[in-house]
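Coordinate-derived values only; no laboratory data. These numbers come from a predicted model, not from an experiment. For neighbour counting, all protein chains shown are included, and Cβ atoms are generated from backbone atoms with ideal geometry for every residue, glycine included.
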Amino acid sequence: MKNLVTSTTPDDHLAALQGWQQQAVAALHSAVLHAAPALTAVIKWGHLVYLSNGPVLLIRAEASRVLFGFWRGQRLRAIEPRLKPGGQFEMATMPLTLETSLDRDTVVRLVREAVGLNAALGDPTKPAR
């Protein structure tokens, strides 16, 4: 995997990935933007972050996995129980490996619900309104 820290755009980030991680991240990125075309994709903290009224989700390629996470992911576990709670806010993440299956329809449902939560509740990194 090339050095992703120098990636400044989502396209550069995707181009820097290799192997199954590149395929997994590209598939997730495509599904995310299909689910919510108005999301803004940026590189933040060295990985893909998607914004809509604050951060909604992240996709982080690591050496042995891809992490798919949501700032309000704990509220999304009814859709995808493999989301593991952890970190600040209501964060929950799902580690993906080469063997992990994740249905595109599930990704779309997760993203749409997460965007809706930010629309209803505001930026998850700010105090509740």
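Roughly what angle does helix 19-35 make with the longest principal axis of the chain, taking Cα atoms, 0 to 90 degrees, to the nearest 10?
For helix 19-35, the angle is close to 30 degrees.
Report D for the chain in µm² per second (integer): Stokes-Einstein, Kirkwood Rh on Cα pairs, 10 °C, 1.306 mPa s.
Stokes-Einstein gives a translational diffusion coefficient of 109 µm²/s.
Taking neighbour counts of Cβ atoms within 10 Å as a proxy for exposure, in what order, fewest first, do L57, L110, L51 appear? Write down the numbers at each step before the final one.
Values: L57 28, L110 24, L51 17.
So the ranking, lowest neighbour count to highest, is L51, L110, L57.
When a/c is below 1.5 the answer is rounded, else prolate if a/b is larger than b/c, else oblate, so apply that to region 53-128 with a ≥ b ≥ c taken from the square roots of the Cα gyration tensor eigenvalues.
Judged from the Cα gyration tensor, region 53-128 comes out prolate (a/c at least 1.5, a/b above b/c).
Using a basic spin-label model with each label point 7 Å from the Cα along Cα→Cβ, how many nm lie between E62 and A78?
Between E62 and A78, the label points sit 2.9 nm apart.
If each residue of separation counts as 0.36 nm, what is the full-extension length gain between Q23 and K44 once their alpha-carbon separation is subtracted?
Working it through step by step, the gained length comes to 5.5 nm.
Per DSSP H run of at least 4 residues, take -39500 (n - 2.57); add these up for the chain, divide by its residues and hand me the 222 nm value, nearest 500 deg cm²/dmol.
Numbers: 3 runs with 42 residues, N = 129.
So the helix-based figure for the chain works out to -10500 deg cm²/dmol.
Of the GluC sites (Glu not before Pro) in region 67-114, which ones lie in a loop per DSSP and count no more than 15 other C-beta atoms within 10 Å?
Listed in order of number, the matching sites are E99.
So for E80, E62, fewest C-beta neighbours within 10 Å to most, what's the order?
Numbers: E80 19, E62 13.
Fewest-to-most Cβ neighbours within 10 Å comes out as E62, E80.
How much net charge surrounds L110 when only the other residues with a Cβ under 12 Å from the Cβ of L110 are counted, with Lys and Arg +1 and Asp and Glu -1? The partial results should precede the final answer.
Values: positive: R72, R75, R77, R82, R104, R109, R112; negative: E80, D103, D105, E113.
Net local charge, L110 excluded: +3.
Quick one: order T40, T106 by neighbouring beta-carbon count within 10 Å, fewest to most.
In increasing order of surrounding Cβ atoms, one gets T40, T106.
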